[in-house]
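The values are calculated or read from the model by the stated rules, or taken from the named source; none is laboratory data. These figures come from a predicted structure and were not determined experimentally. Cβ placement follows ideal geometry from the backbone for every residue including glycine, while neighbour counts extend to all protein chains displayed.
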Amino acid sequence: MLLGSCTDEIEMRRPPKFELPELPVVEDVQTGKKAPLYWSVYEYCYTLEQQGVANENIDITPAEWDRIIEWVATDLKPHGYDMICTDGFIPMLAKDGSGYMTHYGSMSLKDLVEKCKAKGLKVGVYDNPLWIHGPRETIIGDTKYNFGSLYWNGTGEVMNPDAQDMWFHWVVSGNPGAREYIDGFFEHYHNLGIDYIRMDFLSWYEDGKDRNMGQVGRGYGREAYARALAYIAESAKKYGIFTSLVMPHLYNDAEVEARYGNMVRIVADTGNGGWWHCSAADKGKSYTNWPNCMNMFDGFTYWSHITGRDKVLLDGDFIRLNKFDTDAEKETVISLQLMAGGPVTVADQYHNIGSNLKFYTNDELLALNTDRFVGKPLSNKLNDPNNQIWYGQLSDGDYVVGLFNREDSPRSYNLSLADLGISGEYKVRDLWRHADEGTASTLSATIPAHGCKIVRLSK
């Protein structure tokens, strides 16, 4: 059944297509890039918010930052996790007159970079070059324009002219000074020593719509959105900063995002995490706007056709291993990210990681990330059981095959390598059991509920 053709075509609800004008060309945006391995403040902040703490009261003290940095440097950095990243929740403050963020709550970004650098770690920042943080009279770099010139002036074309933007003040990319403002944003972070920018709520900018919240703003249009991402790619490349695009609609088969971004979110927010976010939420369903898929597995499957080595990378959002019920589920969520070429983003904290650290630090699996490996599912159609078979080739010629089981009971596989286009016999090594399994041309295994088996095949 697994390798047979489907009698009924499985519906794939792709986002609609739009015509775009000719846009700036930015060469080699994704060349040589690999998905990052890092720790995020997400769970720390999300938990407090869920407990009713107002965002303006959420903060991380210098002493707590020291404990976090020491833990990441000691337990995670030896395995390739070389960055700490901020997120939303905590106030993002501009205190030096530049109009760009200088403080994350009470913590100076400059001081945070110095603390991390002392331990051999980089810093990533949650911010968006289309958000305006400073007063309208702030001058943009060496131009004659100020921040006030970046706002919609009431006459330009927008999608919802009678609406008000929720939460954010947006840069209109076609306005005078916009390109310079975006360039100044990346120059500012480059000078601070920031290597990674995670930019959120892009769907709100494009059309002011949110599938869950309804109308959330004016929506500055497809052309303005595409031009903005082109300017972002241009400046990010100039200053050597990795860009992560979050909450995009991915219209026109992700045409703009796949052209201009280093990495793109393909799933709804982690939230409470666990198996629900990994595989169960709205399983087998897709939608025509953000979020296109509600769980990681469907998201990686649905968008697997746009990614690959030296192409845009796919982001399955944060991992909270302490929210999973079984070891099999924990192996699956780590394996899925690495098989799809995505990041592994630790959101667990030093005080609740417990025995889960070993799942994050499987060096045989993390070697896929080092190699910039990007695998594909045997089928990219949702609800097709063949999408639970993933495979790809490492740069040294070895293959990696992943057999997944998203179901609630064990599943048996008897898979001929020839069905994956892999001819001959190979030495088989199980990357979770760290065990050699002899030579074979067929993979036979019984996978526990919510589990997986990941093997490396070498001649």
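What to note about this one:
- Every listed requirement among (1) in a loop (DSSP other than H, G, I, E, B); (2) farther than 27 Å from residue 125 by Cβ; (3) touching a Ser or Thr at 6+ places or on another chain (Cβ under 8 Å) is met by residue 286 save one, (3).
- Criterion: part of a helix (DSSP H, G or I), of a type in the set (S, T, N, Q) and surrounded by fewer than 19 Cβ atoms within 10 Å (Cβ to Cβ) - qualifying residue of 395, 355: 355
- Criterion violated by residue 186 - all others in (1) part of a helix (DSSP H, G or I); (2) more than 30 Å from residue 84 (Cβ to Cβ); (3) without any contact (Cβ under 8 Å) to a residue 60 or more places away in the chain; (4) not polar (S, T, N, Q) satisfied: (2)
- Total residues in the range 191-204 satisfying the condition of being more than 13 Å from residue 92 (Cβ to Cβ) and in contact with a Ser or Thr (Cβ under 9 Å, 6 or more places away or on another chain): the figure is 2.
- Summed over the range 355-391, residues that are acidic (Asp, Glu) and touching a strand residue (DSSP E or B) at 6+ places or on another chain (Cβ under 6 Å) total 0.
- Residues in the range 368-392 that are of a type outside the set (A, V, I, L, M, F, W, C) and part of a helix (DSSP H, G or I): 369, 370, 385, 386, 387, 388.
- Which numbered condition residue 166 fails, given (1) part of a loop (DSSP other than H, G, I, E, B); (2) crowded, with 23+ Cβ neighbours inside 10 Å; (3) out of contact with any helix residue (DSSP H, G or I) (no Cβ under 7 Å at 6 or more places or on another chain): (2)
- Of the residues making up the range 254-268, just one is closer than 23 Å to residue 331 by Cβ and surrounded by fewer than 24 Cβ atoms within 10 Å (Cβ to Cβ), namely 268.
- Test: residue in the range 321-332 that is under 27 Å from residue 264 (Cβ atoms), among the basic types (Lys, Arg), modelled with pLDDT of 95 or more and not in a loop (DSSP other than H, G, I, E, B): yes
- Test: residue in the range 433-449 that is over 30 Å from residue 285 (Cβ atoms), in contact (Cβ under 8 Å) with a residue 40 or more places away in the chain and surrounded by 14 or more Cβ atoms within 10 Å (Cβ to Cβ): no
- Among the residues of the range 103-124, the one identified as polar (S, T, N, Q) and without any contact (Cβ under 8 Å) to a residue 24 or more places away in the chain is 108.
- You will find that of 406, 456, the residue that is in contact with a His (Cβ under 9 Å, 6 or more places away or on another chain) and touching a residue at least 40 places away in the same chain (Cβ under 8 Å) is 406 and no other.
- The requirement of being closer than 16 Å to residue 20 by Cα, in contact with a strand residue (DSSP E or B) (Cβ under 9 Å, 6 or more places away or on another chain), buried (at least 21 other Cβ atoms within 10 Å of the Cβ) and modelled with pLDDT of 95 or more is satisfied by residue 229.
- Residue selected from the range 302-327 under the condition crowded, with 18+ Cβ neighbours inside 10 Å and among the small types (Gly, Ala, Ser), by the criterion nearest to residue 247 (Cα to Cα): 316
- The combined condition, being free of Cβ contacts under 8 Å to residues at least 24 places away in the same chain and under 17 Å from residue 373 (Cβ atoms), is fulfilled by residue 421.
- Here 158, 53 are screened, and the one residue that is β-branched (Val, Ile, Thr), out of contact with any strand residue (DSSP E or B) (no Cβ under 9 Å at 6 or more places or on another chain), surrounded by fewer than 18 Cβ atoms within 10 Å (Cβ to Cβ) and in a loop (DSSP other than H, G, I, E, B) is 53.
- Identity of the residue in the range 122-136, of a type in the set (D, E, K, R) and farther than 19 Å from residue 174 by Cα, that ends up surrounded by the fewest Cβ atoms within 10 Å (Cβ to Cβ): 122
- Only helices (runs of 4 or more DSSP H) whose full extent lies in the range 193-269 are considered here, and the ones with at least 2 residues that are under 16 Å from the mean Cα position of the chain (by Cα) and under 24 Å from residue 309 (Cα atoms) are 251-260.
- Strands (runs of 3 or more DSSP E) lying entirely in the range 419-459 (those with 2 or more residues that are under 22 Å from residue 329 (Cβ atoms)): 442-447, 452-458
- Pick from the range 362-392, criterion among the polar types (S, T, N, Q) and on the phi < 0 side of the Ramachandran plot, ranking: surrounded by the fewest Cβ atoms within 10 Å (Cβ to Cβ): 370
- Just one of (1) surrounded by 15 or more Cβ atoms within 10 Å (Cβ to Cβ); (2) at pLDDT 95 or above fails for residue 191. It is (1).
- All told, residue 119 falls short of being surrounded by fewer than 18 Cβ atoms within 10 Å (Cβ to Cβ), among the basic types (Lys, Arg) and over 30 Å from residue 79 (Cβ atoms).
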